[in-house]
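The block underneath contains the structure these notes are about, expressed in structure tokens.
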Amino acid sequence: MVIITAFCFADFLPALWWIDVVRGFDGELKKCFTTLDVFLSKVVEEHKAKMRAGGESDESKKDFVGIMLQLMQSEMVDYHFSSENLKGIVLDMFVAGTDTTATGLEWTMTELMRNSSVMKKVQEEVRKTVGNKAKIEMEDIRKMQYMNCVIKESLRLHPPLPLLVPREAIGDVEIEGYYIPSKTRVFVNAWKIHRDPNIWERPNEFIPERFMTNSIDYKGQDFEFIPFGSGRRICPGMSFGIASFEYALANLLYWFDWKLPNGCELDVEEENGLTVGKKIPLQLNPISRTFD
């Protein structure tokens with residue numbers, strides 16, 4: 001992750017690609033992806049061997065790679081992909097999905113610890129919805145409207161990718177008096193949009209209730225709130241990421257109460273990388289919930 005999240009001249013100034021080669025970054029990046037490719041190839045081959053031996057016949061025990069391999073062999077799927085495609089999908093899930101979800105959870109728990117009334121309200125909703133069940137179901141999560149607002153507000157203040165995925169102008173265009181030549185690489189500053197005082201009331205405050213009174217969603221149709229981007233380049237893993245986010249947060253709030261370790265203070269300083277995480281990692285002590 002250190003190599004992947006490091007600054008790359010070619011990403012921002014393509015004409016200076018040679019600097020990355022001279023400073024050795026290009027070679028380190030290729031070495032990193034070669035290592036990842038070898039690892040992913042091993043995982044895929046191990047799953048193929050299990051399938052040939054009949055060891056993955058139990059549908060309930062198949063993991064993500066096993067299901068994708070089954071789809072590769074299925075005649076009911078119109079689109080057929082190769083092992084290289086599969087490795088690319090797994091890499092996206094591993095590098096992008098895992099890191100962004102973990103970062104989002106860390107920021108959400110940070111904001112909840114800073115806002116005790118919000119923490120109390122969302123925990124009450126989660127625990128009332130689930131009751132005394134031994135496991136939280138996705139059906140329960142769909143009923144947690146306030147928790148959904150908490151997640152939206154966290155993504156508004158702390159979008160996983162503040163500049164989204166780069167775009168490139170396919171032709172000369174003028175926007176609001178700015179001339180943008182063809183082939184220009186364009187970055188959308190979602191962080192700035194999400195904190196624009198002309199759009200949001202008290203933009204720097206954590207107020208989940210603002211989403212209770214409107215239909216703004218993160219699916220790319222409301223351009224004042226685009227944590228996953230919009231249009232054809234919207235994050236393809238958005239649904240998976242949100243489902244993982246919701247399920248993990250619901251479990252953290254249902255099973256535990258939380259407090260800061262003695263002598264620790266909450267810090268909200270950011271650190272840039274593939275995602276913008278906390279400079280000082282969040283440390284909390286879990287307190288197991290007691291059931292009546």
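Odds and ends about this structure:
- Candidates ILE141, ILE67, ILE89 - the one that is within 30 Å of ARG210 (Cα to Cα) and among the hydrophobic types (A, V, I, L, M, F, W, C): ILE141
- Residues (assigned to a loop (DSSP other than H, G, I, E, B) and within 10 Å of LEU164 (Cα to Cα)) located in the stretch 184-235: PHE187, VAL188, ASN189, ILE226, PRO227, PHE228, GLY229, SER230, ILE234, CYS235
- Residue match in the stretch 164-177 (condition: assigned to a helix (DSSP H, G or I) and exposed (fewer than 12 other Cβ atoms within 10 Å of the Cβ)): no
- Residue match in the stretch 256-272 (condition: in a helix (DSSP H, G or I), over 15 Å from the mean Cα position of the chain (by Cα), exposed (fewer than 13 other Cβ atoms within 10 Å of the Cβ) and in the same structural domain as ILE141 (by the TED database)): no
- Selection status of LEU252, more than 14 Å from the chain's Cα centre (by Cα), part of a loop (DSSP other than H, G, I, E, B) and modelled with pLDDT of 90 or more: no
- Helices (runs of 4 or more DSSP H) within the stretch 86-145 that include 1 or more residues in contact with a helix residue (DSSP H, G or I) (Cβ under 9 Å, 6 or more places away or on another chain) and under 30 Å from PHE33 (Cα atoms): 98-114
- Scanning the stretch 195-202 turns up one or more residues that are modelled with pLDDT of 85 or more and within 22 Å of THR101 (Cα to Cα).
- Failed condition for HIS158, given (1) within 22 Å of the chain's Cα centre (by Cα); (2) surrounded by fewer than 19 Cβ atoms within 10 Å (Cβ to Cβ): (2)
- Failed criterion for ARG202 (all others in (1) over 21 Å from ASN115 (Cα atoms); (2) among the charged types (D, E, K, R); (3) over 20 Å from the mean Cα position of the chain (by Cα) hold): (1)
- For VAL186, the conditions (1) of a type outside the set (Lys, Arg); (2) crowded, with 18+ Cβ neighbours inside 10 Å; (3) closer than 21 Å to ASP11 by Cβ all hold with the exception of (2).
- Top-ranked residue in the stretch 1-43 [being exposed (fewer than 11 other Cβ atoms within 10 Å of the Cβ) and in a loop (DSSP other than H, G, I, E, B); ranked as modelled with the highest pLDDT]: GLY24
The values are calculated or read from the model by the stated rules, or taken from the named source; none is laboratory data. Because the structure is a prediction, the values reported are computed rather than measured. Because the Cβ atoms are built from the backbone with ideal geometry, glycine has one as well, and the counts that use them run over all protein chains shown.
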